[in-house]
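Report on one structure; see the data block that follows.
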């Protein structure tokens, strides 16, 4: 079997802001996350990682640079992984259990914390795992490490997408695909293919940029690679991705078949869904699938690509969602739909709403989507609402 030579994307300068804008979280949860970020940076300091930096003021709690890591299983994992990467600790089940736990802890914060807060610690975590995978662990440990790298690299890829760093996202998803394939983790492999397809898709950029043919092929490859007994949320996620790409290609029958398959998969999900842990689980990536508006949002997005009027009531319903990620996506979809119909007042109003939600989430990709939609409005009369949108985009 061909071995993977893990090569994570090169580190880039990233913000180290830990405050959460526009949302409230319980103090205990905030203290735990800030302390975990501090523990991660302390481990990088000890290993001589120049990207570690210092814990900025305003985080609320937790030790700063070089401070003693807080108690708790997850907080001890970064230092243990750093020791193992340096050959000073064994790569055993206990260490790998801890690595899975840490990925799961970060994954629970996905879509709750801004992507710039999570990007650095997740990147460092995956780099520690790839360093271990690049060594000579025992065969059983190597397989599990490959699965953990596949899961973690998919997490880093999703964060890079949210930060509008497409080249970095492709590199992470490529690592995820290769590591998962070697490890025999069919679910992580399929999810990495879906991620690569999402980066290539034109559906999220108002048709500007991307490669629609590659995106459709990757969505179909992901669907074919996914095991039939995969959790219902994951089967629904990938089927909806396939539906969108079929719709972009104008294949209405294939789009509706994929939508039906997705909704059938979701109908079988009960309670909290899958017991799978890590990012590619119902605690992380697929948590949105458990929201009541998720199916309406995805069906509406797919039908919008077909220019179907049935998309409008579905998207309007989702635009009232309590979940800001679903709400912001529907707002952007409605803005694009109205812009293509030359419904100017509605288009500008929805674009402004989508921009506000993206800024609330500190979500650069959401701002990028609004900029793409704004280009559909070129040539419109510069009414006050449109000038206001331009001013807000210029300041974003």
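Some notes on this structure:
- In summary, residue 279 fulfils each of the numbered conditions (1) in a loop (DSSP other than H, G, I, E, B); (2) touching a helix residue (DSSP H, G or I) at 6+ places or on another chain (Cβ under 8 Å); (3) within 24 Å of residue 292 (Cβ to Cβ); (4) free of Cβ contacts under 8 Å to residues at least 60 places away in the same chain with the single exception of condition (4).
- Meets criteria (surrounded by 22 or more Cβ atoms within 10 Å (Cβ to Cβ) and either in a loop (DSSP other than H, G, I, E, B) or free of Cβ contacts under 8 Å to residues at least 24 places away in the same chain (or both)) for residue 326: no
- Some residue of the stretch 362-378 being in contact with a helix residue (DSSP H, G or I) (Cβ under 7 Å, 6 or more places away or on another chain), surrounded by fewer than 21 Cβ atoms within 10 Å (Cβ to Cβ) and not in a helix (DSSP H, G or I): yes
- Subset of the stretch 181-207 [over 14 Å from the mean Cα position of the chain (by Cα), in a helix (DSSP H, G or I) and under 19 Å from residue 301 (Cβ atoms)]: 200
- So residue 278, is it touching a strand residue (DSSP E or B) at 6+ places or on another chain (Cβ under 8 Å) and under 30 Å from residue 147 (Cα atoms): no
- All conditions but one from (1) within 22 Å of residue 119 (Cβ to Cβ); (2) at pLDDT 95 or above apply to residue 361; the one that does not is (2).
- Verdict on residue 353 being farther than 30 Å from residue 116 by Cα and either surrounded by 21 or more Cβ atoms within 10 Å (Cβ to Cβ) or touching a helix residue (DSSP H, G or I) at 6+ places or on another chain (Cβ under 7 Å) (or both): no
- The single condition among (1) surrounded by 21 or more Cβ atoms within 10 Å (Cβ to Cβ); (2) under 18 Å from residue 146 (Cα atoms) that residue 198 does not meet is (2).
- Selection from the stretch 243-254 of residues that are in contact (Cβ under 8 Å) with a residue 24 or more places away in the chain and in a helix (DSSP H, G or I): 243, 244, 245, 246, 247, 248, 252
- All of (1) at pLDDT below 95; (2) closer than 25 Å to residue 144 by Cα; (3) touching a helix residue (DSSP H, G or I) at 6+ places or on another chain (Cβ under 7 Å) hold for residue 228 with one exception: (3).
- With respect to (1) in contact with a helix residue (DSSP H, G or I) (Cβ under 6 Å, 6 or more places away or on another chain); (2) farther than 17 Å from residue 330 by Cα; (3) modelled with pLDDT of 95 or more, the lone exception for residue 388 is condition (1).
- Criterion: in contact (Cβ under 8 Å) with a residue 12 or more places away in the chain and either over 23 Å from residue 358 (Cα atoms) or touching a helix residue (DSSP H, G or I) at 6+ places or on another chain (Cβ under 6 Å) (or both) - qualifying residue of 83, 101: 101
- A single member of 235, 285 is part of a loop (DSSP other than H, G, I, E, B), touching a helix residue (DSSP H, G or I) at 6+ places or on another chain (Cβ under 8 Å) and either surrounded by 22 or more Cβ atoms within 10 Å (Cβ to Cβ) or without any contact (Cβ under 8 Å) to a residue 40 or more places away in the chain (or both), and it is 285.
The rows are residues; the columns are (1) at pLDDT below 95; (2) surrounded by fewer than 19 Cβ atoms within 10 Å (Cβ to Cβ); (3) in a helix (DSSP H, G or I).
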site: 123; (1), (2), (3): yes, no, yes
site: 130; (1), (2), (3): yes, no, yes
site: 136; (1), (2), (3): yes, yes, no
site: 153; (1), (2), (3): no, no, yes
site: 157; (1), (2), (3): no, no, yes
site: 170; (1), (2), (3): no, yes, yes
site: 179; (1), (2), (3): no, no, yes
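The values are calculated or read from the model by the stated rules, or taken from the named source; none is laboratory data. Computed from a prediction, not measured in an experiment: that's the story for all the values here. So basically every Cβ, Gly included, is an ideal-geometry build from the backbone, and we count neighbours across all protein chains shown.
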